[in-house]
Every structure is written in C-alpha cells, then in structure tokens.
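Here the structure is laid out as structure tokens; the discussion comes afterwards.
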Amino acid sequence: MGKKREVDDRFKKFGTVSFTSITKVNDFISYLEDGKVMGSRCKECGLFFFPPRADCHQCLSSNMEWVEVSGKGKLVTYSKLEFAPIGFGDDLPYAIAVLDYGDYKVFGRISSDVPEGEIKVGMEMTTKANTLPNGQLNYVFQKA
Amino acid sequence: MGKVGVIGVGQTAFVRGYPGSIRELAFDGFKDALRDADISAKDIDASIICSAPEYDKQRSPAGVLAEYLGLTPQPTCYLETLCSSSSMGLRYAYSLVKSGLHHVVAVIGFQKMSEISSAESQERMGRGGDIQWESPFGTMMPAYYAMFARRHMEEYGTTPEDLALIRVKAATYGQINEKAVYRKPVTFEMFSDPESPMSGPVASPLRVGDCCANADGASVVLVASEERAKSLSKKPVWILGLGAATASVNLAGRDLFSGLKVAKEAGEQAYKMAGITAKNVNVAEVHDCFTIAEMMAYENLGFAKPGEGKDLIKSKETYKEGSIPVNVDGGLLSKGHPIGATGGSQVRTIVLQLRGEAGDMQVKDPEIGLVHNIGGVGLYGNVSIFGR
C-alpha cells in the first residue's frame with residue numbers, strides 16, 4: 001500500500017455546486033473563509049486579475065500576489081432567475097450580476113437580502129464573502 | 001485559387017424527441033443534402049462533424065457518423081464551438097477547399113437534446129460559461145442573455161414589448177416552415193396574458209416567449225471548389241465572406257453588455273472580405289436564441305444603429321416584405337435550436353433563398369444573404385456571407 005497522495009481540493013467549496021476542485025488559486029477559498037474576496041496581481045508587470053489567475057498572459061510570469069477586492073463597484077446589469085439549472089433549485093429565486101470597479105469587473109450574485117425593488121442598474125454595491133446554507137462558500141453583492 | 005461554393009444543403013425537421021440515434025439523425029440530414037446536390041458520398045473528400053458535447057453519450061462522434069453515412073475512408077474530425085459549431089465547421093471546410101487539400105467537404109451538424117431533461121440541459125448550457133468562476137453561482141443561458149437585455153433596456157429604453165414583437169415575427173414564419181419544431185402562432189397579447197405560457201417568467205426581464213425551443217435535428221452543408229461546384233452543380237451559391245471572433249468567457253472580462261462584440265468583429269471581417277456593407281444584404285439569418293439576441297444582431301451587424309433595433313422590428317422592416325428580412329424561416333425561436341445543427345440550418349435557409357427555392361418564405365429576388373451564428377453568450381461569433 002503506497003502512501004495516499006495529499007490533494008489540495010479546496011476549490012470544491014466554491015459556490016452552491018462547484019465544477020472545479022483543483023486549481024493553483026485554491027488560496028482564494030481560504031481567503032473567503034477569512035471573509036475576504038481576493039483578486040491576483042502580477043508582481044512583474046502589475047496587471048490585476050479578477051477572477052484571480054495563477055499566470056499572467058501579458059508577461060508570462062507566475063509570480064503573483066493576492067489583492068483584496070475592496071471599495072464600491074457599480075451594478076452593470078443583473079437578472080433574477082425563476083428557474084434554475086439542476087443542483088441550484090433550492091437557491092431560487094436568486095439574481096446574478098456584474099459589478100464594475102472601473103479597472104476590473106466582478107461576476108457574482110446579488111445578496112438575497114437586497115429586495116428586488118431596490119436593485120437598480122448603476123447603483124453602488126460592495127462584494128462580500130458569504131457562506132451558503134449548504135455550507136459552501138461564495139461571495140455576494142450588497143448595497144453600498 | 002478560385003471561389004468556394006455550396007453545392008448542396010439538407011436538414012431534418014427539427015423535432016422534440018427524434019425517434020432514433022444520433023447516427024440515424026445525421027443520416028436523415030445527409031440524405032437530404034445528397035439529394036439536393038444530386039451527388040453521392042463518393043464525391044465527398046472529407047467531413048467535419050459538428051455538435052456541442054454531453055447531450056449524448058458518444059465520445060468522438062465523428063468516426064461513428066462518418067461510418068454510418070458511408071464517408072469512410074475519407075478523413076473526418078469533430079469540431080465544436082457550442083451553438084456556432086457548424087458555422088465554424090463551414091469556415092474550416094472553406095479553408096480545406098481553398099487550400100486545395102480537398103475538393104468537396106461535408107459539414108455535418110447534429111444535436112439530440114431530448115436525451116436529457118430541460119433542467120439538465122440548462123445545466124449543460126450554463127457550463128458553456130466559465131465553470132470555475134461563473135457556473136457555481138447557478139448560471140444558465142436565459143439568465144446570461146437576460147443580463148444583456150437588462151442593459152440594452154437601460155441604455156436605449158428598449159422594452160419587453162419590443163422584444164415580444166421579435167417572437168411574434170418568428171412565429172409568423174415558424175407556422176409556414178414545415179421543418180420547424182414550433183408551428184403554433186404567437187400573438188403580442190400572449191405576453192401580457194398571465195394564462196399564456198409565453199408570459200411566464202424565466203430570468204428577468206426575459207420570459208418564456210423570449211426563449212428559443214430546444215430540439216433534435218441535423219443539418220448538412222456541402223462545400224466545393226469552384227471547378228467542382230461548376231461540374232457537379234447547376235445552382236452553386238458562393239461563399240463571399242467569412243468572419244469569426246472570440247471573447248472573454250467570463251462576463252467580468254467584457255466591456256460591452258448591450259451588444260456582442262464578437263458579432264461586430266466577425267461582421268466587419270465578413271463584410272470586408274465580401275467587399276460589401278450591411279446595406280447590400282438582402283436576406284439574413286441571425287442567432288435569435290433569445291429575442292434580445294436578434295435585437296442585438298440588428299445593431300451589431302449594422303442593419304440598425306445601436307439602440308435603434310427596436311425601430312426596425314416595430315416598422316416590420318425585418319419581415320419578409322421589409323427592407324432587410326431576418327429569420328423568415330422562424331429562426332431559432334420557432335424553427336428550433338438543436339445546437340450543433342443550427343448554423344448549417346441557417347446556411348441552408350440562405351442558400352434556398354438565393355436559389356429562389358424558399359417556397360412561402362421566399363424573399364423577392366435576393367442577391368446577397370448573411371448568416372450570423374453565435375456560440376455561448378457571445379463567446380464565439382461567426383458571420384458568413386453568400387451570393388449567387
């Protein structure tokens with residue numbers, strides 16, 4: 001019996017249903033557990049990425065640092081779902097959205113405690129780490 | 001190097017629950033194309049098999065289909081770009097013929113969507129987005145396109161009623177297209193009638209009536225060199241321009257939400273190659289997977305200025321008798337959208353239009369036709385231009 005290989009599959013905790021378990025940016029999940037939503041920045045050329053990447057396509061460096069997504073973004077657009085793909089039915093209804101931070105954008109969900117009537121394109125929102133009812137982790141947009 | 005032409009087109013009826021396997025489905029479309037071109041499988045030098053994966057269990061369908069269609073020992077391969085797979089297949093067939101490597105290439109698109117449930121299908125399509133960073137939020141195609149609809153409404157004052165007009169047009173032609181999956185009429189009033197399924201919410205602001213119909217189907221386009229087209233066919237239609245582009249999968253990487261950049265880029269390439277502008281197009285097939293997608297196509301292809309797509313549909317200019325008829329075969333909305341077969345079916349419609357063989361759907365004497373076919377949420381874009 002060989003020694004069991006240690007597998008870092010933290011990413012399986014991302015979202016209601018994760019479709020990825022192993023990635024070089026698994027630390028994203030540990031930061032989420034600490035309440036932080038992080039992007040990555042190339043230490044060679046300074047390019048910032050959200051979602052975070054392990055590799056910079058501009059200078060081919062893999063020397064990256066974690067940078068927190070902070071401040072306010074503007075709501076670019078959203079949609080409230082009344083029908084869900086398989087595996088997401090218990091979350092209904094929920095709204096997916098894009099937030100614009102100027103230099104980058106974030107795709108995610110609007111927090112379920114924001115009433116639909118208060119959601120307006122252009123409104124300022126923040127991105128917050130969130131624990132789902134099934135114990136999985138994601139992040140949500142809240143009113144700024 | 002000479003021109004490249006289309007010498008034959010075929011498709012099955014688009015249906016729910018095709019009573020056969022994928023090879024039998026492809027055979028039905030292939031037989032239709034061979035009869036149209038009046039050639040046999042021996043005249044075909046190579047095939048490109050196009051579909052989106054995971055709707056059926058067959059891995060590497062190309063070999064299985066090639067054998068069943070009598071296309072061995074000629075080379076074949078599988079090609080996919082989601083919903084634009086067979087338009088991308090046409091692009092590669094063009095390059096194989098143009099290079100002189102092959103003389104006649106078959107582009108065979110198929111999809112048997114009914115092997116899985118609607119919710120499973122939404123999950124598969126959602127995974128055409130970014131599975132690492134988007135799908136875990138519970139994404140699906142209607143919701144992605146709904147986000148574009150929301151932004152279009154916000155920027156240009158487009159309304160859900162404007163979008164409903166596009167569905168009404170699609171149904172007008174779906175009723176007279178015997179290959180369409182949805183043959184019933186759709187009225188504008190249905191969208192405000194809570195009793196009508198058309199008004200049911202899916203992903204705001206899109207409703208059931210804004211969404212295309214899943215279907216099973218196959219399409220086949222036979223592409224040939226100028227020399228072979230002239231010797232084999234009395235009625236070749238020529239490929240005048242081809243454009244293709246790719247965008248960021250994750251919407252966080254996009255900078256346009258009221259249109260599709262891939263459509264603009266692919267359109268510009270195709271117009272340039274064909275040496276024409278939008279004004280020269282007499283009939284078009286656009287990728288109306290959702291009503292908003294057709295509205296954006298009007299604007300991205302230059303049939304209308306950004307924000308003015310709604311005026312085009314309100315004035316019925318995209319009806320058969322209008323200045324730029326669009327989707328007069330029912331489009332994806334009524335004809336149906338069997339993913340891998342869709343692009344080839346759009347090409348078939350345009351080829352029949354240019355040959356004057358579109359029956360009740362025939363536009364008056366078109367010279368130039370255009371196909372706009374999108375994969376994913378504006379992830380892949382193909383625009384192809386055809387002439388007589």
Point to revise | Given (1) surrounded by fewer than 24 Cβ atoms within 10 Å (Cβ to Cβ); (2) within 24 Å of B:Gly387 (Cβ to Cβ); (3) basic (Lys, Arg), number of the condition B:Lys314 does not satisfy | key: (2)
Check your understanding: Where residues in segment A:25-43 are in a loop (DSSP other than H, G, I, E, B) and touching a strand residue (DSSP E or B) at 6+ places or on another chain (Cβ under 9 Å), which of them is surrounded by the fewest Cβ atoms within 10 Å (Cβ to Cβ)?
Key -> A:Asp34
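Yes/no per residue for (1) out of contact with any Gly (no Cβ under 6 Å at 6 or more places or on another chain); (2) within 20 Å of B:Ala278 (Cα to Cα); (3) part of a loop (DSSP other than H, G, I, E, B):
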{"position": "B:Gly302", "(1), (2), (3)": "yes, yes, yes"}
{"position": "B:Leu312", "(1), (2), (3)": "yes, yes, no"}
{"position": "B:Lys316", "(1), (2), (3)": "no, yes, yes"}
{"position": "B:Gly322", "(1), (2), (3)": "yes, yes, yes"}
{"position": "B:Ala341", "(1), (2), (3)": "no, no, no"}
{"position": "B:Asp360", "(1), (2), (3)": "yes, no, no"}
{"position": "B:Asp365", "(1), (2), (3)": "yes, yes, yes"}
{"position": "B:Val371", "(1), (2), (3)": "yes, yes, no"}
Review point. Can we say B:Ala284 is part of a strand (DSSP E or B), of a type in the set (Gly, Ala, Ser), under 30 Å from A:Val98 (Cα atoms) and in contact with a strand residue (DSSP E or B) (Cβ under 6 Å, 6 or more places away or on another chain)?
Key: no
**Study point:** Residues of segment B:116-154 classified as over 15 Å from A:Gly15 (Cα atoms) and either more than 23 Å from the chain's Cα centre (by Cα) or not hydrophobic (A, V, I, L, M, F, W, C) (or both), total
**Key:** 15
Practice item. Report whether or not A:Leu60 is hydrophobic (A, V, I, L, M, F, W, C) and either within 13 Å of chain B (Cβ to nearest Cβ) or under 16 Å from the mean Cα position of the chain (by Cα) (or both). Key: no
Check your understanding: Which one of the conditions (1) of a type in the set (A, V, I, L, M); (2) surrounded by fewer than 18 Cβ atoms within 10 Å (Cβ to Cβ); (3) part of a loop (DSSP other than H, G, I, E, B) does B:Met273 fail to meet, given that it meets all the rest?
Key -> (3)
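Mind checking whether some residue in segment A:16-33 is in the same structural domain as A:Thr127 (by TED's automatic domain parsing), without any contact (Cβ under 8 Å) to a residue 12 or more places away in the chain and either of a type in the set (Lys, Arg) or under 20 Å from A:Gly135 (Cβ atoms) (or both)?
Restricting attention to segment A:16-33, the residues satisfying the condition of being in the same structural domain as A:Thr127 (by TED's automatic domain parsing) are none.
No: segment A:16-33 contains no residue that is in the same structural domain as A:Thr127 (by TED's automatic domain parsing), without any contact (Cβ under 8 Å) to a residue 12 or more places away in the chain and either of a type in the set (Lys, Arg) or under 20 Å from A:Gly135 (Cβ atoms) (or both).
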Review point. Any idea which of B:Glu189, B:Glu227 is in a helix (DSSP H, G or I), without any contact (Cβ under 8 Å) to a residue 12 or more places away in the chain and over 21 Å from the mean Cα position of the chain (by Cα)?
Key: B:Glu189
Practice item. Search segment A:84-125 for residues being in contact with a Phe, Trp or Tyr (Cβ under 7 Å, 6 or more places away or on another chain), part of a loop (DSSP other than H, G, I, E, B) and of a type outside the set (Asp, Glu), and hand back the single one that is surrounded by the fewest Cβ atoms within 10 Å (Cβ to Cβ). Key: A:Ser112
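Quick test for you: out of B:Gly253, B:Gly267, B:Gly275, pick the one residue that is without any contact (Cβ under 8 Å) to a residue 60 or more places away in the chain and within 30 Å of A:Val106 (Cβ to Cβ). Don't jump to the end; show me each part of the working.
Numbers: B:Gly267 fails: without any contact (Cβ under 8 Å) to a residue 60 or more places away in the chain; B:Gly275 fails: within 30 Å of A:Val106 (Cβ to Cβ).
On inspection, the qualifying residue turns out to be B:Gly253.
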Practice item. Taking B:Glu178 as the residue in question, decide whether it is away from every other protein chain (no Cβ under 13 Å), out of contact with any helix residue (DSSP H, G or I) (no Cβ under 8 Å at 6 or more places or on another chain), part of a loop (DSSP other than H, G, I, E, B) and touching a residue at least 24 places away in the same chain (Cβ under 8 Å). Key: yes
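Where residues in segment B:192-224 are more than 23 Å from the chain's Cα centre (by Cα) and not hydroxyl-bearing (Ser, Thr, Tyr), which of them is surrounded by the most Cβ atoms within 10 Å (Cβ to Cβ)? Steps first, please.
Looking only at segment B:192-224, we keep the residues that are more than 23 Å from the chain's Cα centre (by Cα), and these are B:192-197, B:199-201, B:204-205.
Going one step further and asking which of them are not hydroxyl-bearing (Ser, Thr, Tyr), we end up with B:193-195, B:197, B:200-201, B:205.
Details: B:Asp193: 11, B:Pro194: 6, B:Glu195: 7, B:Pro197: 10, B:Gly200: 13, B:Pro201: 14, B:Pro205: 20.
So the residue we want is B:Pro205.
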Exercise for review: Could you check B:Lys279 against (1) out of contact with any strand residue (DSSP E or B) (no Cβ under 7 Å at 6 or more places or on another chain); (2) assigned to a helix (DSSP H, G or I); (3) surrounded by 18 or more Cβ atoms within 10 Å (Cβ to Cβ) and say which number it fails?
Suggested key: (3)
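Before we move on, is B:Gln362 polar (S, T, N, Q), surrounded by fewer than 20 Cβ atoms within 10 Å (Cβ to Cβ) and more than 15 Å from the chain's Cα centre (by Cα)? Before the answer, list the steps.
Working: polar (S, T, N, Q): yes; surrounded by fewer than 20 Cβ atoms within 10 Å (Cβ to Cβ): yes; more than 15 Å from the chain's Cα centre (by Cα): yes.
Answer is yes for this residue.
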Exercise for review: Residues being more than 22 Å from B:Val249 (Cβ to Cβ), at the interface with another protein chain (Cβ under 7 Å from one of its Cβ atoms) and modelled with pLDDT under 95: count how many of those fall in segment A:71-90.
Suggested key: 2
Exercise for review: Could you list, in sequence order, all residues of segment A:89-103 that are touching a residue at least 40 places away in the same chain (Cβ under 8 Å) and among the charged types (D, E, K, R)?
Suggested key: A:Asp90, A:Asp91, A:Asp103
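Somewhere in segment B:139-161, is a residue away from chain A (no Cβ under 14 Å) and in a helix (DSSP H, G or I)? Before you say what the answer is, go through the steps one by one.
Let us first name the residues in segment B:139-161 that are away from chain A (no Cβ under 14 Å), namely B:159, B:161.
Applying the additional criterion that residues be in a helix (DSSP H, G or I) yields B:161.
Scanning segment B:139-161, I find at least one residue that is away from chain A (no Cβ under 14 Å) and in a helix (DSSP H, G or I), so the answer is yes.
Helices (runs of 4 or more DSSP H) wholly in segment B:25-127 with at least 1 residues that are surrounded by 24 or more Cβ atoms within 10 Å (Cβ to Cβ) and more than 14 Å from every other protein chain (Cβ to nearest Cβ) - which ones? Break it down into steps so the answer makes sense when it comes.
Numbers: elements: B:61-68, B:85-98, B:118-126.
Per the criteria, B:61-68, B:85-98.
The values are calculated or read from the model by the stated rules, or taken from the named source; none is laboratory data. Remember, predicted model here, so these are calculated numbers, not experimental data. Glycine also receives a Cβ, built like all others from the backbone with ideal geometry; neighbour counts cover every protein chain displayed.
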